[in-house]
1. Where the second residue is among the charged types (D, E, K, R) and the first is farther than 25 Å from Q118 by Cβ and lies in segment 13-41, which pairs have Cβ atoms under 8 Å and are six or more apart or on separate chains?
2. Quickly run through segment 57-97 and pick out the residues that are modelled with pLDDT under 90 and closer than 16 Å to D110 by Cα.
3. Do we find that V94 is touching a Phe, Trp or Tyr at 6+ places or on another chain (Cβ under 7 Å) and on the phi < 0 side of the Ramachandran plot in this structure?
4. Can you tell me which residue within segment 98-135, out of those that are open to solvent by less than 10 Å² (accessible area, probe 1.4 Å) and part of a helix (DSSP H, G or I), is nearest to E77 (Cα to Cα)?
5. Taking segment 73-85 as the search range and keeping residues that are hydrophobic (A, V, I, L, M, F, W, C) and in contact with a Phe, Trp or Tyr (Cβ under 8 Å, 6 or more places away or on another chain), which one is surrounded by the fewest Cβ atoms within 10 Å (Cβ to Cβ)?
Amino acid sequence: MLCRLIPPAWLTNKPILEGDYSNAQIIKFNSEGYNAYYWPNSPGLEYTHPINGSHITDFKCVFVDFDLKDKVYATKEDFYEFVSGFPLAPSKIVDSGNGVHVYWDISNLDAMSYLRFQRRLCRHFNTDEAVGKVCQLMRIPGTLNTKI
């Protein structure tokens, strides 16, 4: 999986790693303290490191990131209930520990259409608008947040 592995501040002198890692490698790095992220919308075939927004050309999904700490919804269950009332059924829902990531599969969107759709979803669900970028990283499901 193409991902970015970012050491937290407490893990000194460790570099940010970026590349195609196996699930076993991701779990190993995460157990050593690295935060593991991936691009829901991955770069096209030609890209350089580090990956930036100009490399993202294939938009496969839109998503929202709900955090309990924002206190917009009292519980995850309240958020799930609001999502279940949305006319488009999610493709994937991931419990991220302190919140929830909800994904919808899409196709045939260019970058500007993607951004418009992404921002509308964030506003509709009153979730973190910081995920409304072309080059957005999301935590790899099943990995731990080590940013303590």
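The values are calculated or read from the model by the stated rules, or taken from the named source; none is laboratory data. What you are looking at is a predicted structure, and each value in this text was computed from that prediction instead of being measured. Heads up, the Cβs are rebuilt from the backbone with ideal geometry, glycines too, and the neighbour counts pull from every protein chain shown. With ligands, DNA and RNA removed, areas are computed over all heavy atoms of the protein, side chains included. Shrake-Rupley method; radii C 1.70, N 1.55, O 1.52, S 1.80 Å.
1. That search, which allows pairs on different chains as well, returns L17/R4; G33/K14; Y34/K14.
2. Selection gives T57, D58.
3. No, not satisfied.
4. F125
5. F82
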